[in-house]
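Here's the structure, in structure tokens; my notes come after.
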Amino acid sequence: MTSSKLTSPTSTIIRTSETPVATTQTPTTLTSLRTPSPTPQRTTQSVLTTTAGTCDNGGTWIYGHCLCPSGFSGDHCELQEVRCQNGGQWDGLKCRCPQTFYGSRCEFAVEQVELDKVDAEVGMEVSVQQDFSPELNDNTSKAYSDFTNTFRNQMKKIYQNVQGFQDVEILSLRSGSIVVDYLVLLKLPFSGQLENEYEEVREALQQELKNVSQNQDSCQNNQSLCFKPDSIKVNNNSKTELTPEAICRRAAAQGYEDFYFPLVEANRLRCVTKCTSGVKDAIDCNQGQCLLERSGPVCRCFSTDTHWFSGSRCEVAVAWKALVGGLAGAAALLLLLVALSVFFLRSQRRRGQSRGWSWEDDDRKWFEMWDENTVGTFTNLGFQDEGTVKEEDFHVDLESVDPNLRIHIQRPEVTSL
């Protein structure tokens with residue numbers, strides 16, 4: 001946890017604590033107030049009437065009020081609910097976003113986080129010279145509450161002069177007198193020597209508690225709790241990693257940690273992304289805005305009254321007139337292709353009809369002229385009845401042919417003009 005100030009593309013940098021606080025963003029306008037909650041709630045009171053009312057947006061009038069579908073609220077379902085994202089809280093007028101997000105619904109991650117103080121913690125253990133009672137196993141009991149409040153208040157007095165001390169958080173109570181496992185919460189100024197300063201603070205915490213525990217007069221007269229000097233321990237397992245990379249991962253927007261990297265400047269740390277202007281390898285979106293999505297930085301392109309921009313870096317500018325003209329030309333070309341296709345298909349159909357039905361026309365003429373008493377002719381009723389040729393129906397009438405009949409064909413004569 002760190003003290004930080006955040007930068008978003010639409011707001012100035014504000015120095016704040018890393019503890020989630022609201023950022024000022026453009027609100028979504030509603031006409032009714034609601035109690036703050038992570039998800040929208042309908043709090044508008046309804047007035048019972050004896051006549052059916054009018055419900056908007058698909059609402060249903062039931063028992064004197066409108067039953068609204070999901071996403072709508074109000075007496076007549078006239079209000080569209082706003083769902084705050086990424087831990088945002090609805091205050092009745094707008095989404096109050098955590099410091100690492102912005103937008104009307106807290107939907108965008110900030111492009112950088114600036115830190116001048118860094119939150120850290122030290123795990124410690126000490127035994128209190130007091131009998132352990134079974135009630136202390138129950139963290140909802142009065143005995144547990146009284147003991148932990150006394151312990152915290154006494155530790156605040158002991159550690160009040162230690163650099164960066166903020167508070168004490170009790171983790172557990174165990175038997176053996178009363179063994180207390182607790183965290184000391186710190187807020188240290190960022191510097192290039194931060195890790196060394198953290199080690200010095202760890203030693204100071206242990207020494208301050210030893211000094212108090214060894215002063216028996218102070219324990220008996222002024223202190224309500226007495227500590228065993230030899231029981232004071234610093235837990236190395238809870239040691240806070242304070243490299244710039246580790247600090248930035250803790251300070252980054254949740255779910256976007258892989259896209260922040262540290263930039264050390266004098267006595268502050270900037271956790272930046274490739275959407276941060278002025279840093280090395282920053283993305284230039286030209287006529288667009290760089291936004292940090294869960295897949296990484298992307299460019300969202302703008303459009304103006306005269307141009308439309310596209311491309312992975314919004315580097316392509318297209319005039320609206322040219323775009324409209326191109327679309328009109330493409331539509332005309334498409335219509336032309338459709339017309340040509342229709343014309344071609346009709347031509348092919350006509351050709352097919354011309355070729356495919358000529359033999360039927362000849363057969364029709366044959367049936368009209370055919371005389372079964374004429375020698376040398378034949379017929380097949382399959383042609384006439386079914387309109388299709390079948391091999392088994394095709395027979396040549398040879399019985400009526402006279403092989404002795406001589407056929408005389410007059411030879412053609414060649415004449416000159």
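The values are calculated or read from the model by the stated rules, or taken from the named source; none is laboratory data. This one's a predicted model, so the numbers in the text were calculated from it and none came from an experiment. Positions of Cβ are generated from backbone atoms using ideal geometry, with glycine treated the same way; all protein chains shown enter the neighbour counts.
Here are a few things to note about the model shown:
- Yes/no for SER224 being in contact with a Ser or Thr (Cβ under 8 Å, 6 or more places away or on another chain), in the same structural domain as LYS156 (by TED's automatic domain parsing) and in a loop (DSSP other than H, G, I, E, B): yes
- Residue count for the range 54-101, restricted to those that are crowded, with 16+ Cβ neighbours inside 10 Å, assigned to a loop (DSSP other than H, G, I, E, B) and in contact with a Gly (Cβ under 6 Å, 6 or more places away or on another chain): 5.
- Scope the range 122-146; condition in a strand (DSSP E or B) and surrounded by fewer than 17 Cβ atoms within 10 Å (Cβ to Cβ); matching residues: GLU125
- Matching residues in the range 190-214 - criterion: being part of a loop (DSSP other than H, G, I, E, B) and either farther than 17 Å from ASP119 by Cα or in contact with a Lys or Arg (Cβ under 8 Å, 6 or more places away or on another chain) (or both): PHE190
- Failed criterion for LYS187 (all others in (1) part of a helix (DSSP H, G or I); (2) of a type in the set (Lys, Arg); (3) surrounded by 15 or more Cβ atoms within 10 Å (Cβ to Cβ) hold): (1)
Residue-wise test of (1) outside the structural domain of PRO229 (by TED's automatic domain parsing); (2) surrounded by fewer than 16 Cβ atoms within 10 Å (Cβ to Cβ); (3) under 29 Å from ASN267 (Cα atoms).
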{"site": "GLU169", "(1), (2), (3)": "no, yes, yes"}
{"site": "VAL180", "(1), (2), (3)": "no, no, no"}
{"site": "ARG202", "(1), (2), (3)": "no, no, yes"}
{"site": "LEU209", "(1), (2), (3)": "no, no, no"}
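- Scan the range 263-280 for residues that are touching a strand residue (DSSP E or B) at 6+ places or on another chain (Cβ under 6 Å), without any contact (Cβ under 8 Å) to a residue 24 or more places away in the chain and not in a loop (DSSP other than H, G, I, E, B) and the total you get is 1.
- Residue pairs whose Cβ atoms lie under 6 Å apart, separated by 6 or more positions or on different chains, with the first residue in the range 166-182 and more than 9 Å from PHE151 (Cβ to Cβ) and the second in a strand (DSSP E or B) and acidic (Asp, Glu), are LEU171/ASP181; SER172/ASP181; ASP181/GLU125.
- CYS106 vs. criteria on the phi < 0 side of the Ramachandran plot and either of a type in the set (Gly, Ala, Ser) or part of a loop (DSSP other than H, G, I, E, B) (or both): no
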